[in-house]
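*Asks:* Please see the structure below; I have some questions.
The values are calculated or read from the model by the stated rules, or taken from the named source; none is laboratory data. Here the structure is a predicted model, which is why all the values come from computation and not from measurement. Cβ sites come from the backbone with ideal geometry, for glycine too, and all protein chains shown count toward neighbours.
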Amino acid sequence: MADKDEVGILLVEDDDGHALLVEKNLRRAGLSNGFLRLKDGQEALDYFFNGEGVPARERFESLVVLLDVNMPRVSGVDVLKRLKENESTAAIPIIMLTTTDDPREIERCYDYGCNLYITKPVEYEAFIEAVRRLGFFLQIIKVPPVGRGVA
Amino acid sequence: MKLFRKGLLLVAIPGMFELGLLGILYKSQENATRAEVWALHTKDVIIQAGEVREPVLLQSARLRAAIILNDPSGLEKNDLWDSLDKEIGELRALVGDNTEQRRRVEEIGASVREYRQWIDIQTELLKNGKRDELVAALRDPKALRLIQVIQRQLVEFIKVEENLDEQRLKAVSEARLMQNVALVIALLGAILAAALAARIFSRDVGGRLAVLTGNALKLTEGGVLAQRVGGNDEITELDKVLHEASARLRQAEDDARAYREELERHARELTAVNEDLQRQTQDNEMFIYSVSHDLRSPLVNLQGFSKELHHSVGELHDTINASDLNDGDKQRIRDIIEEDVEVSLRFIRTAVTRSAAIIDAMLRLSRVGRVEYQAQETNVDEIVARVIDAMSNTIRERQALVVSQPLPPCYGDPTAIEQIFGNLIGNAVNYLDPKRPGTVEIGVLPPDPGQPDFRIYYVRDNGLGIPADYLSKMFSAFHRLHADVAQGEGVGLALIKRIVLRHGGKIWVESVEGAGTTFYTSLPVRPVQPATQLAQGEQTHG
């Protein structure tokens, strides 16, 4: 769970293998932040909003969301949309993770306000590096509510 | 009837009419002339009758004179009798045609002969000196009666003749009148007949000519022709020709329409088939795309966890080193890890990398069909220069010479065009023959008048070349000829073929194994119509 002073990492990923690999690699890279894994988009929405669709908390500080695009029930893109639509959650930095490198898909995610789009690589080094740098970056400054090209 | 004959009739009908009238006129004139002749003849007869009376009276006077003078010598002369005979003969000749008058002339002749006999008797009496007897005879009323008979007969003859004269004069004036009437009728008739003939002719020929002109006009305008004009002359024939021309024109139009409809139907079918094909291609690409995606997910795990295993192996080594196992066991465990686990992991990783590359290639291939092109006038010269620049390291390594002619622009998506030339030039450089100095030439063929909308670019090398058997597979995906020479999944040519086809162009290759290869690609100069795109297809030259 997110610590007050550290950047907490929330991973929304339906593939157990991918989730495990992401966590392991982050740990190996030296990120010691709190880590929470949710199994799909619905769980993510339940985490952020209560039954009436009101944000569960006033502020989500020191939190990075890693969001898989292709998930059953609620897709990552839908979660992204909901988070960026709501004032309380709009400032949370979101990294989209996907196997797709389709330019239109990428374009769509950036239009909805994702902060970074990472194609799930077969080689993980690049991915870990990106998450790490984003983590360090987030410890220093706040991310604008909706923006592009933060990375 | 021919027009000439009609024209002839136009002249002939009034002509014949006039001829008939002329005959009548001539006849009436002849009648008048004859009537006049007869009238003159009657006058002659009357005068001649007077001529007959004169010698009779002279003879009577001569008798009286002889008696008074008592000298018969005067009576012995026969001149008066001769004259009388002559005059009666002439009179007889004049009335030879009239039996009644002739009978009268004969009666006059008989009376004259009787009178002469009586005169002769008196003459004898005078000669014999029987003057008294003579005077007595002269006093005899019978002698007077003879003269009177002659006189009366002559008067009667003349009266009959005068009657005739009157009748004949009347006939003359009637004939004259008839002649005048006939003349007027002939004149009026001739005018009327001419007018009538002209009217009939103009109504017949003129009316039909108007219809004919109308038909000719309609034929030029493509309208429906009026009913055929009747008759059997040149106008009818001309009209018949017009109608036939119209019918043939209509037939031709119908044929053309049918042909056009057939063509349109074919075009529609083609379009439908084409759309269907495009849909199928899209479906296929979509299928490849989603399958590639789904395949990627497990690959990520395979690769990720083999890496994890690799890390674990490292940790295992550390653990073994730190353990208190004897050296022999440590070595054995290390050997197992090195020779079995590590080698197996390497194979797995290689396989995963290869699979990932193939899936990437499939994704790229499927995306070529789906990506939207921003077609525009594209500077091929710049693109080729950029491609050569990007490959400068490889070119240097291979010690190759890459030259580009000045290249005209084409019309297409700049990124896609760059892909085409990048692939072709890359292939040319990669498959150069290491045994000789490599050259690659990029150029353009002279414009083809038959394909004004396209320009044919080529990339020529003196490299390894392609075996003839392999040429037909050049543009199929996942075929690699020189797998050892360069990396790749063998989708490059399939990829750019798809790009070229989507631009409406063609791509083909000519090659001699061991001598070199030339790739040709035709690209549009200006925006192409979909129909042109249909006509373009794949083509491979040996």
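*Asks:* Only residues that are within 19 Å of A:L97 (Cβ to Cβ) and among the basic types (K, R): list them for the range A:37-72, please.
*Replies:* Selection gives A:R37, A:K39.
*Asks:* I'd like the residue in the range A:85-102 that is more than 21 Å from A:D40 (Cβ to Cβ) and among the acidic types (D, E) and, out of all such residues, is farthest from the other protein chains (Cβ to nearest Cβ).
*Replies:* Among those residues, the one meeting the criterion is A:E87.
*Asks:* Related question: Hey, B:G129 hits all of (1) on the phi > 0 side of the Ramachandran plot; (2) in a helix (DSSP H, G or I) but one; which does it fall short on?
*Replies:* Unmet condition: (2).
*Asks:* Further question: (1) closer than 30 Å to B:L188 by Cβ; (2) modelled with pLDDT under 80; (3) aliphatic (A, V, I, L, M): which one isn't true of B:L75, the others all being true?
*Replies:* For B:L75, the failing item is (1).
*Asks:* Here's a follow-up. Can you find a residue in the range A:44-67 that is modelled with pLDDT of 80 or more, part of a loop (DSSP other than H, G, I, E, B), out of contact with any Pro (no Cβ under 7 Å at 6 or more places or on another chain) and over 28 Å from B:S366 (Cα atoms)?
*Replies:* Yes, there is a match, as at least one residue in the range A:44-67 is modelled with pLDDT of 80 or more, part of a loop (DSSP other than H, G, I, E, B), out of contact with any Pro (no Cβ under 7 Å at 6 or more places or on another chain) and over 28 Å from B:S366 (Cα atoms).
*Asks:* Let me ask something else about it. Being among the β-branched types (V, I, T) and facing chain A (nearest Cβ under 9 Å) is the requirement here; does B:T319 meet it?
*Replies:* Criteria not met by B:T319.
*Asks:* Can you name the condition, by its number, that B:N232 falls short on among (1) surrounded by fewer than 15 Cβ atoms within 10 Å (Cβ to Cβ); (2) over 30 Å from B:L19 (Cα atoms); (3) modelled with pLDDT under 80?
*Replies:* If we test B:N232 against (1) surrounded by fewer than 15 Cβ atoms within 10 Å (Cβ to Cβ); (2) over 30 Å from B:L19 (Cα atoms); (3) modelled with pLDDT under 80, just (2) comes out false.
*Asks:* So, in the range A:30-54, how many residues would count as being within 18 Å of A:N70 (Cβ to Cβ) and buried (at least 20 other Cβ atoms within 10 Å of the Cβ)?
*Replies:* The number of residues fulfilling the criteria is 3.
*Asks:* I've got another one for you. Please state which one of A:R57, A:R73, A:R27 is surrounded by fewer than 21 Cβ atoms within 10 Å (Cβ to Cβ), within 14 Å of chain B (Cβ to nearest Cβ) and either within 12 Å of the chain's Cα centre (by Cα) or of a type in the set (K, R) (or both).
*Replies:* Only one candidate qualifies: A:R27.
*Asks:* On to the next question. Please find, among B:G206, B:G223, B:G214, B:G231, the residue that is on the phi > 0 side of the Ramachandran plot, out of contact with any Pro (no Cβ under 9 Å at 6 or more places or on another chain) and either assigned to a helix (DSSP H, G or I) or not assigned by TED's automatic domain parsing to the domain that holds B:Q29 (or both).
*Replies:* B:G231
*Asks:* Continuing with the same structure: Tell me the residue from B:R480, B:R460, B:R498, B:R455 that is charged (D, E, K, R), modelled with pLDDT of 85 or more, surrounded by 12 or more Cβ atoms within 10 Å (Cβ to Cβ) and closer than 23 Å to B:R364 by Cβ, please.
*Replies:* Every option except B:R498 fails the conditions.
*Asks:* Determine which single condition B:L270 fails, assuming it passes every other condition in (1) surrounded by 14 or more Cβ atoms within 10 Å (Cβ to Cβ); (2) in contact (Cβ under 8 Å) with a residue 60 or more places away in the chain; (3) of a type in the set (A, V, I, L, M); (4) more than 14 Å from chain A (Cβ to nearest Cβ).
*Replies:* Checking B:L270 against (1) surrounded by 14 or more Cβ atoms within 10 Å (Cβ to Cβ); (2) in contact (Cβ under 8 Å) with a residue 60 or more places away in the chain; (3) of a type in the set (A, V, I, L, M); (4) more than 14 Å from chain A (Cβ to nearest Cβ), the one that fails is (1).
*Asks:* Another question, then. Taking the options B:A194, B:A136, B:A171, B:A175, name whichever one is more than 24 Å from B:E106 (Cα to Cα) and within 60 Å of the chain's Cα centre (by Cα).
*Replies:* Of B:A194, B:A136, B:A171, B:A175, the one residue that is more than 24 Å from B:E106 (Cα to Cα) and within 60 Å of the chain's Cα centre (by Cα) is B:A194.
Yes/no per residue for (1) hydrophobic (A, V, I, L, M, F, W, C); (2) free of Cβ contacts under 8 Å to residues at least 12 places away in the same chain; (3) surrounded by 14 or more Cβ atoms within 10 Å (Cβ to Cβ); (4) away from every other protein chain (no Cβ under 13 Å):
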| site | (1), (2), (3), (4) |
| --- | --- |
| B:Q278 | no, yes, no, yes |
| B:H293 | no, no, yes, no |
| B:V300 | yes, yes, yes, no |
| B:F305 | yes, yes, yes, no |
| B:L309 | yes, no, yes, no |
| B:R332 | no, yes, no, yes |
| B:E338 | no, yes, no, yes |
| B:L345 | yes, no, yes, yes |
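*Asks:* Please work out if B:I47 is of a type in the set (V, I, T), assigned to a helix (DSSP H, G or I) and modelled with pLDDT under 80.
*Replies:* When the stated conditions are applied, B:I47 does not pass them.
*Asks:* Name every residue in the range B:381-394 that is hydrophobic (A, V, I, L, M, F, W, C) and either closer than 21 Å to B:G412 by Cα or part of a helix (DSSP H, G or I) (or both), in order of residue number.
*Replies:* B:I383, B:V384, B:A385, B:V387, B:I388, B:A390
*Asks:* Kindly establish whether B:R367 is under 28 Å from B:G412 (Cα atoms), more than 14 Å from chain A (Cβ to nearest Cβ), in a helix (DSSP H, G or I) and of a type in the set (K, R).
*Replies:* It is false that B:R367 is under 28 Å from B:G412 (Cα atoms), more than 14 Å from chain A (Cβ to nearest Cβ), in a helix (DSSP H, G or I) and of a type in the set (K, R).
Yes or no, residue by residue, for (1) under 56 Å from the mean Cα position of the chain (by Cα); (2) within 14 Å of chain A (Cβ to nearest Cβ); (3) assigned to a helix (DSSP H, G or I); (4) surrounded by fewer than 19 Cβ atoms within 10 Å (Cβ to Cβ):
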site	(1), (2), (3), (4)
B:T350	no, yes, yes, yes
B:I359	no, yes, yes, no
B:E372	yes, yes, no, yes
B:R396	no, no, yes, yes
B:V402	no, no, no, no
B:P406	yes, no, no, yes
B:A416	yes, yes, yes, no
B:N423	no, no, yes, no
